[in-house]
Amino acid sequence: MKRICVVVASRANYGRVKSVMKAIKKHPNLDLILIVGASALLDRFGNITKIIEDDGFKIHRSIHYVIEGENLTTQAKSTGLGIIELATAFQDLKPDAVITVADRFETMATAIAATYLNIPLIHLQGGEISGNIDDRVRHSITKLADVHFVATELSAKRVIKMGENPKYVFNFGCPSIDVLIGQNLEINSAIMKNQLGAGIPLNWKRPYILMLQHPVTTSFGEGFEQVTETLNALKAIPNFQKLVMWPNIDAGSDDVSKGIRHFREYNMSEPIYYYKNFTPENFARVLKNATCCVGNSSSFIREGSFLGVPAVLVGDRQKDREHGENIVFSEYNTKEIVKKIKSIIKVGYFKQDKLFGDGSAGEKIADKIYQLNFSEIK
């Protein structure tokens with residue numbers, strides 16, 4: 001029985017790794033050890049512990065390691081605190097391997113703590129390029145990791161070119177796509193009745209635009225102005241409801257949140273509803289049924305391409321990522337964003353693109369983890 005530890009440190013982390021957790025949990029020769037920490041525990045970022053437990057998972061350790069401030073200094077300090085706290089948890093829980101996801105500062109903390117404890121590190125979503133500081137973090141974690149489950153063929157080639165052993169590089173697609181398979185993605189008021197937010201509630205039978213815009217670490221201090229351009233663009237699109245989600249905890253989050261709150265206070269009559277968080281399944285419904293998506297979330301690229309949902313990517317947070325035909329890019333400029341939204345809405349939905357997988361990643365990853373000889377890896 002192999003003890004596999006998964007660290008969930010944000011709402012996005014959970015959506016990316018949930019199908020892998022399910023597959024590990026049901027595997028007869030794997031034992032799931034779950035650590036939940038960082039922004040995943042904080043209410044203002046949509047505390048997801050209840051969601052995780054309602055999904056049938058046992059949380060073995062909850063760890064607070066986010067330092068208040070959401071700026072560059074606190075982001076660096078939170079990474080350091082995460083290393084300290086996670087090292088202790090790994091020492092106590094004694095996993096045979098640790099799984100970490102993508103490219104966030106919490107991911108870096110997980111990677112460093114596991115590596116210095118000589119615990120085999122499994123990395124999901126390595127080898128990608130987005131065009132900002134996330135690339136440095138992601139590639140650093142790739143060099144720390146022992147096993148790589150990438151999401152695209154190009155990502156696999158990049159990881160191997162970085163010097164990683166092809167024997168331990170596997171392209172099974174992105175586990176986030178798994179959430180979309182076999183699910184009823186219909187959306188209505190009955191399904192969404194427990195999803196609380198603020199503003200003017202949506203009529204799910206009518207068209208709506210989904211906005212999700214995160215801070216960009218490399219342009220720290222500009223988040224207020226950046227998100228205001230996007231929000232003003234939404235206001236300039238008539239005849240559509242708007243659904244705005246709160247940003248993640250990256251440095252600059254406070255600026256983006258202030259921008260949203262400021263806009264909300266001066267535009268109370270606008271048909272906009274503001275949400276902190278959704279379950280992975282309900283987020284899939286919200287994404288699938290949106291007329292258009294606006295912002296800079298990678299979910300518009302991953303799940304959005306599979307679902308064929310039109311999306312306008314604002315700014316440079318995702319400028320270099322692989323993407324499907326459903327994506328167009330815009331600068332932080334209200335007039336340009338409005339033009340791009342109107343243009344892509346006219347095009348309508350795009351055909352399904354399996355660039356990031358076919359929805360079978362979770363079970364394939366769990367099976368491969370079982371087959372691996374960790375003593376050989378280390």
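The values are calculated or read from the model by the stated rules, or taken from the named source; none is laboratory data. None of the values given here were measured: they were computed from a predicted structure. Neighbour counts are summed over all protein chains in view; Cβ atoms, including those assigned to glycine, are modelled from backbone coordinates with ideal geometry.
Entry remark, the range 208-239: residues being within 14 Å of K335 (Cβ to Cβ) and among the small types (G, A, S) number 2 in total. In the range 226-233, is there at least one residue being out of contact with any strand residue (DSSP E or B) (no Cβ under 9 Å at 6 or more places or on another chain) and either at pLDDT below 95 or under 30 Å from V66 (Cα atoms) (or both)? Yes, there is a match, as at least one residue in the range 226-233 is out of contact with any strand residue (DSSP E or B) (no Cβ under 9 Å at 6 or more places or on another chain) and either at pLDDT below 95 or under 30 Å from V66 (Cα atoms) (or both). Applying the condition of being in contact with a strand residue (DSSP E or B) (Cβ under 7 Å, 6 or more places away or on another chain) and without any contact (Cβ under 8 Å) to a residue 60 or more places away in the chain to the range 333-342 and asking which residue is farthest from C293 (Cα to Cα) yields E336.
Residues are listed down the side, and each one gets a yes or a no for (1) closer than 28 Å to I177 by Cα; (2) within 21 Å of the chain's Cα centre (by Cα); (3) crowded, with 20+ Cβ neighbours inside 10 Å:
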residue: H60; (1), (2), (3): yes, no, no
residue: I67; (1), (2), (3): no, yes, no
residue: A97; (1), (2), (3): yes, no, yes
residue: V101; (1), (2), (3): yes, yes, yes
residue: T110; (1), (2), (3): yes, yes, yes
residue: V150; (1), (2), (3): yes, yes, yes
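Yes/no matrix, rows are residues, columns are (1) assigned to a loop (DSSP other than H, G, I, E, B); (2) not aliphatic (A, V, I, L, M):
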site	(1), (2)
N282	no, yes
S305	no, yes
E322	yes, yes
F329	no, yes
K335	no, yes
I345	no, no
Y349	yes, yes
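Residues that are buried (at least 16 other Cβ atoms within 10 Å of the Cβ) and out of contact with any Asp or Glu (no Cβ under 8 Å at 6 or more places or on another chain) were ranked within the range 340-355; the one that is nearest to T152 (Cα to Cα) is I344.
Can we say I122 is in contact (Cβ under 8 Å) with a residue 60 or more places away in the chain, hydrophobic (A, V, I, L, M, F, W, C) and crowded, with 24+ Cβ neighbours inside 10 Å? Answer is yes for this residue.
What pairs come out if I take residues in the range 164-178 that are assigned to a loop (DSSP other than H, G, I, E, B) and pair them with residues that are aromatic (F, W, Y) and buried (at least 19 other Cβ atoms within 10 Å of the Cβ) whose C-beta lies under 7 Å away, six or more apart or interchain? Short answer, once both residue conditions are applied: F172/F149; G173/F356; C174/F356.
Got a number for residues in the range 149-163 being out of contact with any strand residue (DSSP E or B) (no Cβ under 9 Å at 6 or more places or on another chain), of a type in the set (A, V, I, L, M) and part of a helix (DSSP H, G or I)? Counting residues in the range 149-163 that are out of contact with any strand residue (DSSP E or B) (no Cβ under 9 Å at 6 or more places or on another chain), of a type in the set (A, V, I, L, M) and part of a helix (DSSP H, G or I) gives 1.
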